[in-house]
Each structure stands twice: as structure tokens, then as C-alpha cells.
1. Given (1) touching a Ser or Thr at 6+ places or on another chain (Cβ under 8 Å); (2) within 19 Å of Gly220 (Cα to Cα); (3) surrounded by 19 or more Cβ atoms within 10 Å (Cβ to Cβ), identify the lone condition not met by Asn282.
2. Any residue in the stretch 295-306 that is outside any helix (DSSP H, G or I), at pLDDT 90 or above and loosely packed, with under 14 Cβ neighbours inside 10 Å?
3. Of the residues Asp405, Asp444, Asp462, only one is out of contact with any helix residue (DSSP H, G or I) (no Cβ under 6 Å at 6 or more places or on another chain), open to solvent by less than 50 Å² (accessible area, probe 1.4 Å) and of a type outside the set (A, V, I, L, M); which?
4. When you check Gln154 against the structure, is it touching a residue at least 12 places away in the same chain (Cβ under 8 Å) and more than 22 Å from Ala246 (Cβ to Cβ), yes or no?
5. Given the residues Ser434, Ser430, Ser368, which is the only one that is within 19 Å of Arg513 (Cα to Cα) and surrounded by 14 or more Cβ atoms within 10 Å (Cβ to Cβ)?
6. With (1) in contact with a Leu (Cβ under 9 Å, 6 or more places away or on another chain); (2) part of a helix (DSSP H, G or I) as the list, and Asp444 as the residue in question, which single condition is left unmet?
7. Only one residue in Leu548, Leu517 is in contact with a strand residue (DSSP E or B) (Cβ under 7 Å, 6 or more places away or on another chain) and part of a helix (DSSP H, G or I), so which one is that?
8. Which one is surrounded by the fewest Cβ atoms within 10 Å (Cβ to Cβ) among residues in the stretch 100-157 that are of a type in the set (A, V, I, L, M) and in a loop (DSSP other than H, G, I, E, B)?
Amino acid sequence: MSEASSEDLVPPLEAEVAPDRDEEAKKKKSKGLATMFSVFTKGRKKKGQPSLAETEGESESILRPPAQLPTVEELKADLERGRLEAAGSLLALELELQEAAAAGRASQEELVRRQSKVEALYALLRDQVLGPLRRPLEAAPERLRQALAVLAEQERQDRAAAAAAAGPPGCPGLAATRPRSWLQLWRDGVAQAAAERLSRQPPPDAEGRTEAERAFLHMGRAMKEDLEAVVERLKPLFPADFHVVAAYAQSYHEHFAAQLAALTQFELCPRDTYMLLFWVQNLYPNDILNSPRLAPELQGVRLGTLLPPTQIRLLEATFLSNEVASVRELTARALELESQHWAQDVAPQRLDSRGHSELAIDIIQIISQAQAKAESITLDLGTQIKPLLLVELATFLRSYQRAFDEFLERCRQLRNYRANVIANINNCLSFRTSVEQKWQAPPDLRNSLLSPLNELKSRGFDTLLQSLFGDLKPLFKKFTQTRWAAPQQTLEEIVSAVAERMPEFSELLDCFREELLEVVHLHLVKEYITRLCKRRLVLKTAEQQQQLAGHVQANAQLIQQFCTQNGSPATWLHHALPTLAEIIRLQDPSAIKIEVATYATLYPDFSKGHLSAILAIKGNLSSSDAKSIRSILDINTGAHEPSKALFSLIKVG
């Protein structure tokens, strides 16, 4: 990434002694990570990470003092020139001073003077050692190894001094100067580097991100790229005991977490609340810590989460509230826009020659996006938001039904009235499919979701069929007006009238066209039975009854054939008229009872009133036989209430 340069890993140290003026001038030139990485790979093969013992062995030549110790002035000159080889001589000088103090070979004044010079030299050495370690990717590999060797030796000396301090008193006359804790100073420098790197102001972008989004994108990229650089370029050079990857990871993590904690002190907009949770719960643990290059290196590093669990729960609650409010607003806006189109007589779209509306697609997309948004944070949050979204969907569907009802009442005269009715009926399929298959709502909520859709569809069918059924009414009256003199001819007129109107429903989706044909099928059967129950026809002979039964049977076949050919799935209506024809034909009361009992199992809403109206046709049936036949309906047939009504729609006197 272009914004991640080698100087980003560590900050400058203001008052450090540079190893060389010319070298310092070269280092001031900013170089990219890729440029600096080539320094580490050029001309050598990759090596495993050295241990502290290996570092000690490799640096033996650096730390071995010469046979003749140089003077303090010579050491000072060497260190000011950046010669880390002087570290061995300085350590020897320190040990010589300790021996002199232990043997009492120097006065107190002399010991203090000599120790102050040694400490001044150590201050120079410290700056020369920590300098390259604060800019590790800018240092030449060999110089970095030298600095690490000196640092490792100083750690060993600190441990030795700590062990000696636990025993008898040490060197009288000398001030305690260990532990020098240079390793901790290096870690502090790493923490300072992380803070400076992550606190850098991100540049503006052209993608419309908020300030917080830019800041976290910058911090995430910087942390990932810098840690990958540490793993690839620094870990092979550092002693394993230094845990260089863990040191950088912990420092970056702590600063990242501090930035997040500061952000949560302010009132966040919904977009930033989502962004913060997305980083904390998803991107940071998955894309950064568990990235292929970093996951193996960070397995033993316990970084934890960027925010405490209680804070995360609060943010999740805020997110859920924000998303529900957003869904409510967006769905209401979509419905308002759609309602305006209806009222303005805007023709609906056509899709595959069917009436089409984008409303269902828009609403489903709004709900689905909110669900996906929650799941992008955690799957658990996706589970939490699902019932909330379904409640909002149920609320929307009730509003949709009310708006549609208002449209049906107020806009009958508009040219595109029927086309918009069909488009809205077709809308129900997408909603119904999502409820039944995609969202898998629990039964009680599922009913709340489907009920408005069923009501909308039913009201739409009633509107589409109102004119047709009005035209059929006088035709059905002919049955009783002619005393069933020509029932076949009358029914053929009815069927022809229905067939002429079928093209009006061609823009319905196939499934709804079939459902509408079932409504037509039910209407034809219901109206036919209604005419039979008018009690205006009394046939006294068996021959007359058999003739009427034949007409009813033929009419039933015509209705069934026509409706089935046009797509009606109402097989449950197939026995309605033929069985009534059989009851009219039969003369034996016992046989009639059997038919009635069977009929009652098929149509449990078949009442004594309906049966009496049919038996009234049989003028040769005695009152006692009629009463005995009606008593069959007092027996519990064990039938369950049907899901679809027939005789409950038919009023009898």
C-alpha cells in the first residue's frame, strides 16, 4: 500500500546521536516498504529466527574487548562515529571498574569520576543501539544485527546483575546502574511508533467515506501491512526471546483499542456505529489477526477484543435500533411513492407480458440488506435482528393492504385501475415466497405476514371479478325463471360469458390466474346450488326427479371441464353437484341417507337447511322420511372443518 512507508514503523528520536552525518542524510530520504524490503533479501537467503544464544554467538566478535582497552576518549570517539564494536570494550571497562571497587584499589572520589564517564559512554551506546531499532526497516541488515547483539548482551548483563543483587553486597562505592532495561526502552519505542503511525491523518478519498471510516480504514491497513513487514523482514533478524511480532502486535492493538474507546465517547451516527462494530467484530479479528500471513504468528499472542464486551453489547443494541428505524422509514417511503403512482394513474410495468411492480422487490431488498448487514458483523447479530425485521415487514404489509384498499375505493374511474390491481396481486408472490421459503418465520408471525397478503389478493380478485359476476347474475336467474326447462342451454350461456372474459386476466401470474379460476369455479358451483335451493321446483314423480338429476349431472360435468381446462385447481368441488344429483335421483330413503352422510364428510358446512331445500324438490318424499334423512346430519361424522367454504356461502330460507 502506498501510504505505508518504512519510516512508519518507528518514530524519530529527537536527541539521538547519529552514527554518521552522511548516513543520516541518506536516511532522511523517504523510501517505500518495498524498497527497504529489497535490502533484506538482496544477496542472501532467508534464515530462521535466531535465538538469544545464537545472537550471542554471532556477535562474539562485536562484544569481545581488545587485548589493550582503549581510553575513554577513544571509546567516545568510536561511539560518536557509530562503531558498535566499541560495546565490548565499554563492557570490559565497566567490569574493570567493578573489580577496582570490589578490591578497594581506588578512592571513593575516583570511583565516582570513573563511573560517571562509563555511564556517559553507555548513554552514547544506548542511542547508537536503539536508533536502528527505532527505524528497523531503514537500517542496513548488518548494522541491525550488531545493534541486536549489543541489546541482547545488555539484557544478559541486566539478568546477571539482578542475580548478583540477590546475594551478598556488591561493589562498595559504586551507584547501582543496572538493570539498564534497554529491551523495555525498545518496546516503548515500538509503542511510540504504533501511536504515531496509527494517529496519522488519513488522506481524503473520492468514495464519500466519513472521517471515522477513513480513520479506521487507514489504521486497519497500516496495522496489517506493518505487521506483515515485521513478520517477513524483522522476525528473521531478531532473537526469538525478543518476541518482536508480539511486541509490535500488542502496541498496535493497544493504540487501535484506545482510538476506538475514544470514539465511543461521542454520539455516533448510524453509519459509524455499523462501521465500528464491523471492524471490531469482523474485519479486525478475521481479516487482520487471522489473515493467512499473520494468523500463525499471532496464535500465542493474547490481544483480546478492541472493545470490552459490555461496550460491544451496547453498540449492538444501538445498531439494531438504528436498522429497524431505517427499515421502517425506507419501506414507508417506498409505499408512499408506489401509492402516488396508483393515484396518478401511472401504468404499471410489464415483465414477460405480466403486470409488474417493483414494490415487492424494493421491500424485500430493504429487509434482506438489513439482515445481511447484521450478519456481516456476526451471525449471532443476524439471528437477533431477524425477528425484529419480520415484525417490521408485518407492519408494512398491513399498511400496504390499507393503502391498496383505499386505492380500490377511490380510484375506480382511472384508466389503469385494473392493470394496477393485477400488478399488486402479482406482488404477493414475491412476498409470499420470501416469507415461506427465505425467512422461515415462526407460525404465529408467519400468519401475521401472510394474512394481509391473502386479504389484498382476495380484495383484488373481488374487484377483477365484480363485473363478470354481475353479468352472470341474470343468467343464473334463468334456471328458476324457466323452472329448469332448459338448464343445459342456460349453463352454456353462462360458460360462454365467462370464456369471453378470460383474456382480461392474462396479465396475472400463472399461480394467481389459477387461484382466480378457482374463485370463478366456486362461484359457478355456489350459484348453481343456490338456484337448486330456491324451493321453487317440486317434482312429484321419480321420472321427473331422474330427469332433473341428469341435467344437474351434465351441468356439473360442463362446469368441471371448463374450469379445469382453464386452470382451476379446485378438485375439492368436483363432488359438489354430482352428489346432489344423486340425492335427487334416489328414491330409497336408506340410500339417500348413505349419500347424505358421505356428502357431509366432504362438505362439513352442509347443513340441515341446505338438505331440506334439496329434499323439497322431491315432492313424493314423506315428511317422516325427510325428517329421518335430516337426522343423519346430527351424527358426528368425524370430519374436520374444511379450509374452504361452500355451503356456508349459500343462504337458505
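The values are calculated or read from the model by the stated rules, or taken from the named source; none is laboratory data. Keep in mind that what you see is a predicted model, and the values were worked out from it rather than measured. Every residue, glycine among them, receives a Cβ derived from its backbone with ideal geometry; neighbour counts consider all protein chains shown. Just the protein is used for accessible areas: all its heavy atoms, side chains included, with ligands, DNA and RNA removed. Shrake-Rupley method; radii C 1.70, N 1.55, O 1.52, S 1.80 Å.
1. For Asn282, the failing item is (3).
2. Within the stretch 295-306 (the criterion being outside any helix (DSSP H, G or I), at pLDDT 90 or above and loosely packed, with under 14 Cβ neighbours inside 10 Å), the answer is yes, since at least one residue qualifies.
3. Exactly one of Asp405, Asp444, Asp462 is out of contact with any helix residue (DSSP H, G or I) (no Cβ under 6 Å at 6 or more places or on another chain), open to solvent by less than 50 Å² (accessible area, probe 1.4 Å) and of a type outside the set (A, V, I, L, M), namely Asp405.
4. Here the answer is no, as Gln154 does not meet what is asked.
5. Ser430
6. Every listed condition holds for Asp444 apart from (1).
7. Every option except Leu548 fails the conditions.
8. Ala140
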